[in-house]
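The block underneath contains the structure these notes are about, expressed in structure tokens.
The values are calculated or read from the model by the stated rules, or taken from the named source; none is laboratory data. Please read these numbers as outputs of a predicted model, since none were measured by experiment. For neighbour counting, all protein chains shown are included, and Cβ atoms are generated from backbone atoms with ideal geometry for every residue, glycine included. Ligands, DNA and RNA are excluded from the accessible area calculation, which covers all protein heavy atoms including side chains. Shrake-Rupley method; radii C 1.70, N 1.55, O 1.52, S 1.80 Å.
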Amino acid sequence: MVKKKTCIFISGQGSNLKNLILHSRENNFPIKISLVICNKKNANGIIYAKKYKIPYVIINTKKLNYEAKVLKTLKKYKISFICLAGYMKILSNNLIKNYRGRIINIHPSLLPKFKGLNTFSRMLKNKEIKAGCTVHYVNEKLDGGNTIHKKLFFIKNKDNEKILRKKTQKLEYRAFPEAIIKIFRNI
Ligand code: GAR
């Protein structure tokens, strides 16, 4: 099997990055993580790129030419697939156009509910019954592309934001690799 050369975009902890790296080391997993792009130089997630010897590039999105740098770096590493794993910046339309149908994101809610930030506090305020995560294609609308895979759990009375985040992340570690397998199974 020829694995798709993939770039993971991160901004923070990188626990999904670590999980995807471990899955990608299995023979029949469809992607190879060839590059990590991070917009924050002190992001914890970089330790996983270092530990597993994956090239990583820090790209400051405040610099004028950052988009050109992202595209150039993706080309240099011959990237054909992109996973956003806790990347907290909105991608430019040009990048989305260049990788149409080949960028996916994981979001900590059951989309289309709770797009954007602060998902858990809004869920609690809304007295939601269910929470979960969604893996979806990225298009020009924030958290708006087609859903690939979802996982849910029922919210308990004692669940606070911290507990919801923990339970959601536990599901994310299954949902993200399952979504990737689902995408490439039929190709
Ligand atoms: C994940 O829970 C992901 O769903 C969320 O950021 C977290 C990153 O954790 N993404 C978003 O909120 C995107 N809108 P990680 O850095 O430990 O993988």
Report task. Find how much the distance from Phe154 to Lys89 grows on full extension, using 0.36 nm per residue of separation minus their present alpha carbon separation; answer in nm with one decimal. Result -> 20.5 nm
Requested in this report: Normalise the Cα radius of gyration of segment 25-106 by 2.2 N^0.38 Å (N = residues in it) and let me know the number.
Outcome: 1.09
Requested in this report: Give the shape of segment 1-71 as rounded, prolate or oblate, defined through the alpha-carbon gyration tensor: a ≥ b ≥ c are the square roots of its eigenvalues, a/c under 1.5 means rounded, and otherwise the shape is prolate if a/b is larger than b/c and oblate if not.
Outcome: oblate
Report summary line: Reduced to Cα centres, the span from segment 73-141 to segment 1-32 in Å works out to 16 Å
Report task. Pull up the cross-link candidates among the lysines for Lys115, meaning alpha carbon to alpha carbon under 21 Å and not fewer than 8 places away within one chain. Result -> Lys89, Lys125, Lys127, Lys130, Lys141, Lys150, Lys151, Lys162, Lys166, Lys167, Lys170
Query - Label-to-label distance, nm, for residues given as Arg100 and Arg122 (7 Å Cα→Cβ offset) - result: 2.8 nm
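Using C-alpha positions alone, give me the convex hull volume of the chain per residue in cubic angstrom.
118 Å³
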Requested in this report: List the lysines whose Cα lies under 17 Å from the Cα of Lys4, skipping any in the same chain that are fewer than 8 positions away.
Outcome: Lys32, Lys75, Lys76, Lys78, Lys182
**Report entry** Mean accessible surface per residue for the chain, computed with a 1.4 Å probe while every protein chain stays in place, in Å²
**Finding:** 58 Å²
